[in-house]
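The values are calculated or read from the model by the stated rules, or taken from the named source; none is laboratory data. Fair warning: this is a prediction, and the values are worked out from it, not measured in the lab. Every residue, glycine among them, receives a Cβ derived from its backbone with ideal geometry; neighbour counts consider all protein chains shown.
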Amino acid sequence: MDGTETSSGRSTAAPATRRRLLGQTELVAIILMGTLLSQRWLIDLLDFRPLQAWSTMFVAIVVQALPFLVGGVLLASFISVLLSERVLAAVVPKRSGLAVPVAGLSGMALPGCECASVPISGSLIRRGVPPAAALTFLLSAPAINPIVLVSTAVAFPGQPEMVLARFVASLSVALVMGWLWLTLGGKVPMRLPKLPPDAGQPKLVRFLGSAQHDFLHAGGFLVLGAMIAASINVLVPRQVVDSVAESFWLGILVMALFAFLIAICSEADAFVAASMSSFSPTAQLAFMVVGPAIDVKLAAMQSGTFGRAFAVRFAPLTFAVAVISAVLVGWWLL
């Protein structure tokens, strides 16, 4: 008989698994109810001029970026589930030296969101693709794909040099890290990635699951990034922002660290970079080059996929190469 027996000899049924008190539906209902009850207070609050400026900038960033985020997530999910591993495993040369540039340029034809690029790279390694080539694809796919380049052109209208600079700098990071891994990779322990938990499910289920996960994950970081960017522009005194932005090297470092910490999806980060207009074009470029290459989210995913010993070496080196690449390309093109 299921259950436990009490001291009196009676049998009690095992307690059923408790349902979470606050699911997504309940949370949304609470937020809506709170908004309705506090609408009079909210109306007075929205008359506050700084808040109006903040909300205008926040909404502008999110609305501009959202179509590219949705399109990028859908395309990345489609390619990661149906095409990426099979096509790349077939076209990437077996010679590692040639495999690196082929994998880097494949990022244009086989784009992927940062969230998808890590598991795809792990699967490529399991299929026999050289690790240096798989890591090159990991860095190039989220950074130089057509959706990212088009979103950059929309965010920086009339500045084609910014689109070219982003493409050159990001591709350079991927190639340099791939070739560096050919030299240094043998000295760094790298765990062979495990099969993803949904590997045996139908492709449609994997596609929908991947798209939903990436959109919610990337959308959350987009909202966070837009909130931080709007807050900096509205709440931080202009003289403080200008003093940081006027320093060429400090501005680049601040924007690079900003990209690392807020982890915005590459399909949307150009709009946040463009909103930081006080900073130099090179600093804005550093934001867009560092973010898709390495951020806190990617570092955690790399640690879970390839092992901590790999991540603590690969992440700082990628950050340094990305900053150097942005500075050199910015000096050349911007």
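Given the options A89, A109, A53, name the one that is under 21 Å from F167 (Cα atoms), among the aliphatic types (A, V, I, L, M) and either over 16 Å from the mean Cα position of the chain (by Cα) or at pLDDT below 70 (or both).
Sole residue among the options that is under 21 Å from F167 (Cα atoms), among the aliphatic types (A, V, I, L, M) and either over 16 Å from the mean Cα position of the chain (by Cα) or at pLDDT below 70 (or both): A109.
Looking only at the stretch 245-281, how many residues end up being touching a Ser or Thr at 6+ places or on another chain (Cβ under 8 Å) and not aromatic (F, W, Y)?
6
Among the numbered criteria (1) of a type in the set (A, V, I, L, M); (2) crowded, with 22+ Cβ neighbours inside 10 Å; (3) under 28 Å from W54 (Cα atoms), which one does L298 miss?
So the condition that L298 fails would be (3).
Mind counting the residues in the stretch 138-153 that are within 22 Å of I125 (Cα to Cα), of a type in the set (G, A, S) and in a helix (DSSP H, G or I)?
Counting residues in the stretch 138-153 that are within 22 Å of I125 (Cα to Cα), of a type in the set (G, A, S) and in a helix (DSSP H, G or I) gives 1.
Based on this model, can you work out whether E246 counts as of a type in the set (D, E, K, R), modelled with pLDDT under 90 and touching a helix residue (DSSP H, G or I) at 6+ places or on another chain (Cβ under 6 Å)?
no
Which condition breaks for V240 when tested against (1) touching a residue at least 12 places away in the same chain (Cβ under 8 Å); (2) part of a helix (DSSP H, G or I); (3) aliphatic (A, V, I, L, M); (4) more than 20 Å from A134 (Cβ to Cβ)?
Condition not satisfied by V240: (1).
Looking at the stretch 303-327, which of its residues are farther than 19 Å from F260 by Cβ and either of a type in the set (A, V, I, L, M) or assigned to a helix (DSSP H, G or I) (or both)?
The one that is farther than 19 Å from F260 by Cβ and either of a type in the set (A, V, I, L, M) or assigned to a helix (DSSP H, G or I) (or both): A309.
Among the residues of the stretch 266-281, is there at least one that is within 12 Å of S170 (Cα to Cα), in contact with a Leu (Cβ under 7 Å, 6 or more places away or on another chain) and touching a residue at least 24 places away in the same chain (Cβ under 8 Å)?
no
Quickly run through the stretch 255-290 and pick out the residues that are touching a Phe, Trp or Tyr at 6+ places or on another chain (Cβ under 7 Å), over 16 Å from A322 (Cβ atoms) and assigned to a helix (DSSP H, G or I).
Across the stretch 255-290, the qualifying residue is only A274.
Can W249 be described as more than 27 Å from P189 (Cα to Cα) and in contact (Cβ under 8 Å) with a residue 40 or more places away in the chain?
No: the conditions fail for W249.
Residues are listed down the side, and each one gets a yes or a no for (1) in contact with a Phe, Trp or Tyr (Cβ under 8 Å, 6 or more places away or on another chain); (2) modelled with pLDDT of 85 or more:
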{"site": "P292", "(1), (2)": "no, yes"}
{"site": "T305", "(1), (2)": "no, no"}
{"site": "A309", "(1), (2)": "no, yes"}
{"site": "F314", "(1), (2)": "yes, yes"}
{"site": "L317", "(1), (2)": "no, yes"}
